[in-house]
1. Kindly express, to the nearest 10 degrees and within the range 0 to 90, the angle between helix 181-190's C-alpha long axis and the longest C-alpha principal axis of the chain.
2. Explain nothing, just the number: relative contact order of the chain, from Cα pairs under 8 Å at least 6 residues apart, as a whole percent.
3. Taking +1 at the Cβ of each Lys and Arg and -1 at the Cβ of each Asp and Glu, which of L90, L153, H77 sits farthest along the dipole of the range 66-179 towards its positive end, judged by Cα position relative to the Cα centre?
4. If you line up the Cα atoms of the chain on their principal axes, what length do they span on each, largest first, in Å?
5. Stick to Cα atoms and the Kirkwood definition of Rh, then tell me Rg/Rh for the range 574-733.
6. For every other residue with a beta carbon closer than 15 angstrom to the beta carbon of Q707, add +1 if it is Lys or Arg and -1 if Asp or Glu, then tell me the sum.
7. From Cα pairs below 8 angstrom and at least 6 apart in sequence, can you work out the relative contact order of the range 238-308, rounded to a whole percent?
8. Placing +1 at every Lys and Arg Cβ and -1 at every Asp and Glu Cβ, with all other atoms neutral, what dipole size does the range 443-559 have around its Cα centre, in debye to the nearest 20?
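Laboratory data are not the source of any read-out in this text; all were calculated from the coordinates shown. Treat the numbers as computed from the prediction; the structure is a model and nothing was measured. Don't worry about glycine lacking a Cβ; one is built from the backbone with ideal geometry, like all the others, and counts go over all protein chains shown.
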Amino acid sequence: MTRSFNRWRHWLVLVSCLLALGVALVWNAQREHARIEALEQERLATQSKVIADNLTRKLTAINLSLESIMTELPAWHRRADGQAEAVRNLKTLNAAMPSVRSFLVLDAQGTATLSDIAELVGRDFSQREYFLTPQSALNGKTLYVSPPFKTVLGNFVITLSRVVFDANGRFAGVVAATADPVDLHFLLSSVRYADDMRSRLVHGDGKVFVVEPEVADVAGRDLSASHSFFSRHIQSGAALSYFTDTSVSTRDERMAVLRTIQPPELAMDKPLVIAISRNTDTLFSQWHHDVRDQLLVYCLLVLLGTLSLTLWRRQGTQQRLSNQRLHLATTAAGVGIWEFTLTTRTYHWDSAMFALFGLDPKAANARNDDWHRLMLPGELDRIKSATRAVLKNGNPFDLTFQIRRPDGELRFMRNRAALHDEGTGRYTRLIGTTVDVTERKRREADMRIAATAFECQESILVTDAKHVILRVNRAFSELHGYSADEVLGRTPRLLQSGRHDAGFYQAMAAELGRVGTWQGEVWNRRKSGEVFPEWLSITAVHNEEGVVTHYVATQSDITQRLAAEDEIKHMAFYDPLTHLPNRRLLHDRLHQAVIHAKRHQQQLALLFVDLDRFKPVNDEFGHKAGDDLLQAVALRLQACVRESDTVARIGGDEFVLLVPGISSAQDAVYVAEKIHGSLKKAFTLSGGRQVQISSSTGIAIYPAHGQDEAELTAHADAAMYQAKTAGRDRFVLYQAPAIVP
């Protein structure tokens, strides 16, 4: 039995070492996987909190706006000019709140009585959920969150509403605000730091209404009945949930964080749920690559160990040749092999070990422990403590430590070892391997930086913990005009435009220190001196001990995005067909013109122009011809007035002209004559068709025919209808109806 054991003991030693090494590799890989998973969950949770905090502030602001409207309603109803004042206030609220698309005030029958969008007034909304639910519940403290519904533009939106009671406590209608989906898309997009990230906003009933980036057929999908992340999150009752599973909507494996938004102070009847996720294949791609590399090295060691031992046993007479081959193999792999005899406390090294530590084997002392003096402070105590733990528990150990070689180089060494008992059942030696992992440590640091800095193809800037610039990419140079050589060694302060005060940067540093990230809009300066807006995202990079080692900043030029926002504002105030001011802009200009005329004791004219025989053109030649005619009419109307006057299209074939600074009503009549004559001339449409129309115009003069814009508008409209009633093809100056005694 003993003879048989001795025959195989070398194989047992080899298998033990390889098992110890394999166990160490598996344990390290699992620990690294768990670390990446925990870190990413924390980042996703942080980003979801950023959304939750921003969205809670928006919901709170909307709720306060609804309460303000409810408070002002009685006063608006009592005053003669209350309707106009209400519309002005609603428009002011809308302009101040980019998160709101529109405000509505509905009476007890569901009819819109007030809105910042004039086209909505008078419409019946009694079958909408944001009216039916409050009407049924009648809870004045609840903020009702409607299920998402699809708009005519194809966007899903939600409406927030509150119950309105009259002076006797009876149901008097609701006030409502529709959230702007564009603002919600901007909010969800702002937290994305990787291309594979998905951000969604889900109603408490399970319907997805905002997706960023947009994925086909996801917006509007109901997740409540399926085994989705949402349904599992809601069933758990937790405010924050983590999942790693196959996504029901995108059919790929994702790591997801879901957070419920339902602040107690808002008393929302339905919560909103934020879902942020990442693709696990992308997230763990580097980890899979490292595992494959380690497996390859491990297989190489298994192959080398097996081959070496086989040759050693088969060719006892060629021991020296076998040792040379093993030496060459370990040297090529950069692995040093050592033994520690427990009884004599002596180290036995191969030549690769001496080369790794930079020591001369001929100068080694009897115990071969000269390498102790190369250890950095505290490292030798760690090794001794780990060795004692190995002797006590019998388990292999894996330890990385630092030395300073005799040539002054700082190196990282990784020791992996297991106990050997020589077949006696009593441990006599500790056998292990040492690998110089300095370059791998440097690569890991570089990989940590790269994993954070190059996740998006944007301008990238990397600094050390003291904010000294270490690296920039080509996009940074293209965006800011600085080459890498011009910024390395300096700080990001060279980009500051001067538009932000010290408090702005102090708040940025405070948030970065608290949560590890910061993002927002910043105005910076290019090398050329040009000041422009950027979207800046900063992320702190930590080492394994959690200490900040670097900061990574990504910047993107948002000039075009701000221009797009201006374009959206333009669409809100101008008619898309004729590019004339629409009803909203006309109302604002009329309001300002009345104020100016009143202050300077001047007169102004308001002309309502309605086209005669326009409908036959549409019916006979089609809507395209009708559109061409409207555009041609707009050009002729503009040619009839001064550049300072306003020509607006308020709907269909109705146009309004605002002519301020007139001397008398005759000036307005002269303008009406020009318009009447110009529009009677034939129009040539696309395709060579010629049509003739006429117009009916009503004229009202400030202050003779009205002291405010509402009165002027009503009287100009009445005069226009007088022209229509009198046979059309004419203009009429408003005359007050005769008082019958």
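1. Helix 181-190 sits roughly 20 degrees off the main axis of the chain.
2. Across the chain, relative contact order equals 7 percent.
3. L153
4. Sorted from largest, the Cα extents of the chain read 136, 59, 53 Å.
5. Checking Rg against Rh, the ratio lands at 0.97.
6. Working: positive: R79, K598, R599; negative: D81, E85, D708, E709, E711.
Net charge in that neighbourhood comes out at -2.
7. Relative contact order of the range 238-308: 22 percent.
8. Using Cβ point charges on Lys, Arg, Asp and Glu, the range 443-559 gives about 300 debye.
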